[in-house]
Amino acid sequence: MTSAGQATSGPEWEPSPVQGWVAPHLSTELPGLGIAWIEVDGRLGRSPEPVRRRLRILSDRFFGAHAIHMRERPIPWAYRVFFRQIGLDPDRTRTPVEQLALERLQDGAFKSRGLPADVLTIATVETGIALRVFDAEQITGALCIRDSAPGEGMAGELEQGTLVIADESGPVGLLFGGTGERHGVVAGTRRLAIAAVQVNGVPQVAVDEALWMVAATLEAL
């Protein structure tokens with residue numbers, strides 16, 4: 001490791017997630033809410049065959065009955081409960097893992113969307129954890145979860161009090177939703193910040209596993 005959250009290559013390489021902070025009033029209102037992230041080298045591109053093979057294997061394991069019963073598992077259920085807590089209907093605004101499950105049923109497979117999206121798909125389906133990816137070189141300081149402040153925007157002004165992921169300079173994305181224009185992964189991106197949103201009922205070990213799975217896969221490419 002070169003510094004907190006930054007991975008380096010080597011036989012003993014192991015990613016070390018960094019814990020972000022949550023606005024105090026949100027920690028009180030939404031206990032268990034948290035964010036952790038790690039940085040790793042990565043860029044846009046076509047997924048190599050090993051990644052596309054993992055998608056095919058995952059597709060073969062994932063049938064209609066699996067998708068239906070998935071929401072009853074502890075981690076997907078925890079995100080459904082959280083969505084209701086923040087005023088979202090999880091049957092209309094899907095949680096990340098349920099959105100992927102729906103796309104799998106509609107498309108007949110987990111379709112390859114290239115890197116790094118395919119790696120996040122694999123980790124999200126395997127663990128149930130909600131994952132985000134940002135251009136690490138556009139992130140200033142630590143990530144956090146907070147309300148948007150008056151006048152803050154992200155491709156337009158945000159309604160005050162919108163839940164966002166932010167760095168020291170302002171919002172980088174909605175908590176569950178769009179990513180700020182400057183912070184998305186683009187052709188020139190060379191380093192990725194992979195973030196996991198944790199909610200009540202989601203164990204830390206699952207968050208660490210999801211981040212490790214993404215970082216280790218990207219590091220091996």
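The values are calculated or read from the model by the stated rules, or taken from the named source; none is laboratory data. Bear in mind that the values here come from a model prediction, so they are computed numbers and not experimental data. Virtual Cβ from ideal backbone geometry, glycine too; neighbours counted across all protein chains shown. Accessible surface is based on the protein model in full, side chains and every heavy atom, while ligands, DNA and RNA are left aside. Shrake-Rupley method; radii C 1.70, N 1.55, O 1.52, S 1.80 Å.
Please find, among ALA7, ALA67, the residue that is surrounded by fewer than 18 Cβ atoms within 10 Å (Cβ to Cβ), modelled with pLDDT under 95 and of a type in the set (A, V, I, L, M, F, W, C).
ALA67
In segment 163-184, is there at least one residue being open to solvent by less than 10 Å² (accessible area, probe 1.4 Å) and hydroxyl-bearing (Ser, Thr, Tyr)?
The answer is no; no qualifying residue exists.
Residues ILE75, ILE122, ILE86: which one is within 19 Å of MET213 (Cβ to Cβ) and open to solvent by 20 Å² or more (accessible area, probe 1.4 Å)?
ILE75
What is the one condition in (1) in contact with a Phe, Trp or Tyr (Cβ under 9 Å, 6 or more places away or on another chain); (2) open to solvent by less than 30 Å² (accessible area, probe 1.4 Å); (3) within 22 Å of MET70 (Cβ to Cβ) that LEU131 does not satisfy?
Among (1) in contact with a Phe, Trp or Tyr (Cβ under 9 Å, 6 or more places away or on another chain); (2) open to solvent by less than 30 Å² (accessible area, probe 1.4 Å); (3) within 22 Å of MET70 (Cβ to Cβ), the lone unmet condition for LEU131 is (1).
If GLN106 meets every condition in (1) over 28 Å from ASP41 (Cβ atoms); (2) in contact with a helix residue (DSSP H, G or I) (Cβ under 9 Å, 6 or more places away or on another chain) apart from one, which number is that one?
For GLN106, the exception is condition (2).
On the given criteria, is GLU181 out of contact with any Lys or Arg (no Cβ under 8 Å at 6 or more places or on another chain), charged (D, E, K, R) and closer than 28 Å to LEU221 by Cβ?
yes
Could you check, for segment 40-60, whether at least one of its residues is among the basic types (Lys, Arg), modelled with pLDDT under 95, in a helix (DSSP H, G or I) and under 18 Å from MET213 (Cβ atoms)?
Within segment 40-60 (the criterion being among the basic types (Lys, Arg), modelled with pLDDT under 95, in a helix (DSSP H, G or I) and under 18 Å from MET213 (Cβ atoms)), the answer is no, since none of the residues qualifies.
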